[in-house]
Amino acid sequence: MSTRIKRVSFGILTSVATILSLQSAYALSQKVGDFDFRLNGYGTAGFIETEKPIFLGDFSIKTQALYTPSNVHTFGLVYVMDATALDEKEWFHQAFGFWQWRGVGRIEAGFTESVAHKLGLGLPDVGGLKLNENSWIYKKIGSDGPVIANTVLTTGHEAVRLNVVSASNSVSQYGVSVSGLTDEYDFGVDAGIKLKQSRGKTKTAMSLAASFLNDLDDYASDTFTPKTTADWRAQVAVGLNVQYNSWIFGLNARAVYDENPTGFVTTDGIAAGAGVSYDLLNYTLSLSYVLSDTGIWHSWADEYVDNTVVASFRYKYSKFVDVWSSLGITRHEPFLSAGLRLTF
């Protein structure tokens, strides 16, 4: 990388850091009687480089209005705007209401991710490339074919959805969701469960999930993959996290099947990943691998395989500021990325 590129990148990061630092000073948490209003989020600025540096700008802003008439029941409204929604020219990423019954569970209604996605377990990754969801790797570098970027099961956030999930305890959490009222499919059903073991030095968590979507019509699974039209889509996913002292090990896999898809390219197949991270004081390192293999269920479709390896480093300067860097390879193309993240 040339000295000029380094100076330009550093200048961009410094400018954005100053702006976001000023914004973070106005983070809101205000309680008035039984009402509680909260504002939090993060902003990331950086670059990813293969043949030339490409600017990365990621952010998420979450606002909540909560009403707690007793220590048992809480009612709330949630609004989330982020870079993914902005890319898709939408006014929000999530917008939903909920009722939480302490010790029993929670009901959510509106535009939000499914229970299967929320209970899923991603890979250890401390970089800023969003390896577990709509990764900047595939958005910015591209691919020669369709990629299943997210190894955690997802059915999107654009349909009206009802989530019912149990309260979390030391052993398990589970739930179901139904969705519809969207142009992309007729209806959907999701289910997920997370099993946990928190005693002793070694802590483990395992997730299982499944979903069914009926009558797909130009359904966009990711912002960078071809849209899908099919009779129906079925998915299953599994994840495992093991924590031992400062080490975290992760495995997950996802299978996607479309019945009678139309067109010349299919976006279904399998995705699997493995990763490990190590935390030492303010420093964290991670190494993750993701495999995507599409076009394997239909004889007429072209198979496309993508292997992605990412090694990341993060230094936490303070509670609100940290810097990260990632080095990896995808589609036989190495890349370097770095950035600064501010949280409020």
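Some values worked out for this structure:
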quantity: Residue among 74, 14, 84, 44 that alone is modelled with pLDDT of 95 or more, surrounded by 11 or more Cβ atoms within 10 Å (Cβ to Cβ) and among the polar types (S, T, N, Q); calculated: 74
quantity: Matching residues in segment 194-234 - criterion: being at pLDDT below 90 and of a type in the set (A, V, I, L, M, F, W, C); calculated: 220, 224
quantity: Residue within segment 193-210 that is polar (S, T, N, Q) and within 23 Å of residue 108 (Cα to Cα) present; calculated: yes
quantity: Which listed residue, of 290, 236, is β-branched (Val, Ile, Thr), in a strand (DSSP E or B) and surrounded by fewer than 20 Cβ atoms within 10 Å (Cβ to Cβ); calculated: 236
quantity: Segment 67-96, residues that are more than 17 Å from the chain's Cα centre (by Cα), part of a strand (DSSP E or B) and over 14 Å from residue 108 (Cα atoms); calculated: 67
quantity: Pair list, Cβ < 6 Å and 6+ apart or interchain, from segment 120-131 residues that are under 17 Å from residue 240 (Cβ atoms) to residues that are at pLDDT 90 or above and part of a loop (DSSP other than H, G, I, E, B); calculated: 120/152; 120/153; 122/152; 131/125
quantity: Subset tally (residues that are buried (at least 20 other Cβ atoms within 10 Å of the Cβ) and touching a helix residue (DSSP H, G or I) at 6+ places or on another chain (Cβ under 8 Å)) for segment 140-164; calculated: 7
quantity: Test: residue in segment 43-61 that is acidic (Asp, Glu) and not in a strand (DSSP E or B); calculated: yes
quantity: Single match in 214, 150 (criterion: of a type in the set (S, T, N, Q) and under 17 Å from the mean Cα position of the chain (by Cα)); calculated: 150
quantity: Qualifying residue in segment 254-263 (condition: touching a Leu at 6+ places or on another chain (Cβ under 6 Å) and buried (at least 16 other Cβ atoms within 10 Å of the Cβ)); calculated: yes
quantity: In segment 228-248, residue farthest from residue 274 (Cα to Cα) [restricted to those that are touching a Ser or Thr at 6+ places or on another chain (Cβ under 6 Å) and in contact (Cβ under 8 Å) with a residue 60 or more places away in the chain]; calculated: 235
quantity: Enumeration of residues in segment 294-324 that are free of Cβ contacts under 8 Å to residues at least 40 places away in the same chain, part of a strand (DSSP E or B) and within 30 Å of residue 265 (Cα to Cα); calculated: 305, 307, 309
quantity: Evaluation of residue 197 against (1) among the polar types (S, T, N, Q); (2) crowded, with 22+ Cβ neighbours inside 10 Å; (3) closer than 18 Å to residue 250 by Cα (one fails), failing number; calculated: (2)
quantity: Test: residue 244 is of a type in the set (Ser, Thr, Tyr), more than 21 Å from residue 185 (Cα to Cα) and over 16 Å from the mean Cα position of the chain (by Cα); calculated: yes
quantity: Filtered residues of segment 210-233 (kept if in a strand (DSSP E or B), among the polar types (S, T, N, Q) and under 24 Å from residue 123 (Cβ atoms)); calculated: 211
quantity: Where residue 284 falls short, out of the listed (1) surrounded by 19 or more Cβ atoms within 10 Å (Cβ to Cβ); (2) among the polar types (S, T, N, Q); (3) assigned to a loop (DSSP other than H, G, I, E, B); calculated: (3)
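One line per residue, one yes/no per condition, for (1) touching a residue at least 60 places away in the same chain (Cβ under 8 Å); (2) out of contact with any helix residue (DSSP H, G or I) (no Cβ under 7 Å at 6 or more places or on another chain):
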{"residue": "59", "(1), (2)": "no, no"}
{"residue": "80", "(1), (2)": "no, yes"}
{"residue": "84", "(1), (2)": "yes, yes"}
{"residue": "89", "(1), (2)": "no, yes"}
{"residue": "93", "(1), (2)": "yes, no"}
{"residue": "97", "(1), (2)": "no, yes"}
{"residue": "107", "(1), (2)": "no, yes"}
{"residue": "113", "(1), (2)": "no, yes"}
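The values are calculated or read from the model by the stated rules, or taken from the named source; none is laboratory data. Please read all numbers here as calculations on a predicted model, not as lab measurements. Because the Cβ atoms are built from the backbone with ideal geometry, glycine has one as well, and the counts that use them run over all protein chains shown.
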